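Have a look at the structure below before the remarks.
The values are calculated or read from the model by the stated rules, or taken from the named source; none is laboratory data. Because the structure is a prediction, the values reported are computed rather than measured. Please note: Cβ atoms are built from the backbone with ideal geometry, for glycine as well, and neighbour counts cover all protein chains shown. Just so you know, the surface numbers come from the protein's heavy atoms only, side chains and all, with ligands and any DNA or RNA stripped out. Shrake-Rupley method; radii C 1.70, N 1.55, O 1.52, S 1.80 Å.
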There are 2 protein chains.
Amino acid sequence: MEFNLVSKDGHLSDCLMKKITGKRQQAIAEREQELLLLAEHIMAEHGFSGLTMDKLVAACDYSKGTVYNHFSSKEDLLCALCIKAMQTELDFFYKALNFKGNAREKLLALCFAYRLHALSHPTLFYCVLTSKTPAVAERASQERLDMQFVLEQQLGEVCNQLFVLAIENGELQPPEGTTFTQLSFAAWAMAFGSTALMLAASTAQLVQALEEEKTLMFNMNLMLDGMQWLPLSSDFDYWDSWQRVGEEVFVDELSKLKEHTRHTGAKGKIT
Amino acid sequence: MEFNLVSKDGHLSDCLMKKITGKRQQAIAEREQELLLLAEHIMAEHGFSGLTMDKLVAACDYSKGTVYNHFSSKEDLLCALCIKAMQTELDFFYKALNFKGNAREKLLALCFAYRLHALSHPTLFYCVLTSKTPAVAERASQERLDMQFVLEQQLGEVCNQLFVLAIENGELQPPEGTTFTQLSFAAWAMAFGSTALMLAASTAQLVQALEEEKTLMFNMNLMLDGMQWLPLSSDFDYWDSWQRVGEEVFVDELSKLKEHTRHTGAKGKIT
DNA sequence: CGTCAATGTTGACGATTCGTCATTTTAGTA
DNA sequence: TACTAAAATGACGAATCGTCAACATTGACG
């Protein structure tokens, strides 16, 4: 079961990457990352609505014009944060693919990565959510919107390929008249819906009655069973796999997360 | 199969409803609806980010202070729009319950209503999405946040009761160790995830390869099959049910939607 | 009917925030 | 060093937000 999935390094096709030619461009690109990091800190400190361009300008060593040279508007900045989120998410995804197991286990590993990423970077996750809002799409630069689109495709592609793999292996047979794209979309929707609702709910006052940790896996298994993706959850201990994903693939990220939640007293434990 | 579901009139428990005592309060409440309607129009015309308090003040016959008497901030206004959206959604839900059929068909009718509502009021749907964003939760008034919470509960309750019904009827058997709440949440997550992603995608440039109309039903059926909710989709023509929901329950809403999309040239046909 | 307190309304105002652009500075090159 | 293209600056105007002291309306009561 060897993989010819997406190349591991491939972040973005060059077509959309600004050409980084000289030292100059290099420095500018680095500064952009620096600004994004700063923006994250401001958000963490002043709340989501506390992030303003003026604050960012005040916090960095550059002038307003320079900042606006990077981000054409506040929404463009948000979009950039969203892109950053999806890039790190993609890294998580590729890491998840390393989990040793059958295709369905790998898909669950992907979901684990999805949730882990959202928990590790809740601020960035909200940027992604916010970027799905028209307010952002209306005002972000076309260039960044395109980049966002490409990244979305790439993320989806990772998921797609697992479906293709499962079909090739005969573990999954799409019902007549349906394509793997549809199945993949269903999985995506379930993962997104579950994660977004859970995160939004735990932010709100709602004392979550659900066993948050297992919920995503549970929901995914329901759906995958519905697809008849073998082995069915009744014949296989996916909870064991789920835990092993944490132990075998994401040890560092998990301990970092635990460390962090211990300080802030948040409750989103994951293993 | 008679229903003792939530009372049909019940919009909100009085505890959170401002007491409407005299003529005075009545007039104020009406004005609030008028303002919300106006806000919707402004959003439709000037785009999502084009809605500002100043524009709203300019467009209505009242002063800034009066408007701020209704909505403590722009985010509070958004939250109010979100509440309005959920109220009309609740109406759609109750209507969907009138569909004659088994419990699983009724749940699909609920999803039909969910999607139809999102298509009929895309602007309001985005308000709901935006209200899941911390920027809104941070700045909206507590009173309205509470109201939003209650409405969410009510919407969820409708879904819950269908699960209870199915379990009572023996059409659904929760796996050991799971409650109907978990199953209901899964359904909710799937419906939300599918709808949100589809709507966001069709807003973006993405030429949707999916057969949008069937997708939500398809995804729901996958999951319900995974729950072993009888009758399984392999033994029952749910596509027929789905279409009948439109014909038998939502004729008016559908024709209104068609009329509207014909004018604007949008593509979100639903039947 | 007149008075008064409570309630509701007004719009001018200060504080932010946004985004622009004419000017200055810097980096690279001849 | 001189010159040019690219980049940085920050003062500025426009827009938006939300407040508040002054004003108006209502209705209860003598």
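Structure above, values below:
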{"quantity": "Residues within the stretch B:28-67 that are open to solvent by less than 90 Å² (accessible area, probe 1.4 Å), within 13 Å of DNA strand C (Cβ to nearest atom), more than 24 Å from A:Asp76 (Cα to Cα) and more than 21 Å from the chain's Cα centre (by Cα), tallied", "calculated": "12"}
{"quantity": "Residue, farthest from DNA strand D (Cβ to nearest atom), within the stretch A:42-89, restricted to residues that are in a helix (DSSP H, G or I) and among the hydroxyl-bearing types (Ser, Thr, Tyr)", "calculated": "A:Thr88"}
{"quantity": "Unique residue being in a loop (DSSP other than H, G, I, E, B), open to solvent by less than 10 Å² (accessible area, probe 1.4 Å) and touching a residue at least 12 places away in the same chain (Cβ under 8 Å) when the list is A:Phe112, A:Phe99", "calculated": "A:Phe99"}
{"quantity": "Within the stretch A:134-235, helices (runs of 4 or more DSSP H) holding 2 or more residues that are more than 8 Å from every other protein chain (Cβ to nearest Cβ) and open to solvent by 50 Å² or more (accessible area, probe 1.4 Å)", "calculated": "A:142-168"}
{"quantity": "Residue in the stretch B:121-128 that is open to solvent by less than 30 Å² (accessible area, probe 1.4 Å) and of a type in the set (Phe, Trp, Tyr) present", "calculated": "yes"}
{"quantity": "The stretch A:236-247: number of residues that are surrounded by 14 or more Cβ atoms within 10 Å (Cβ to Cβ) and in a helix (DSSP H, G or I)", "calculated": "8"}
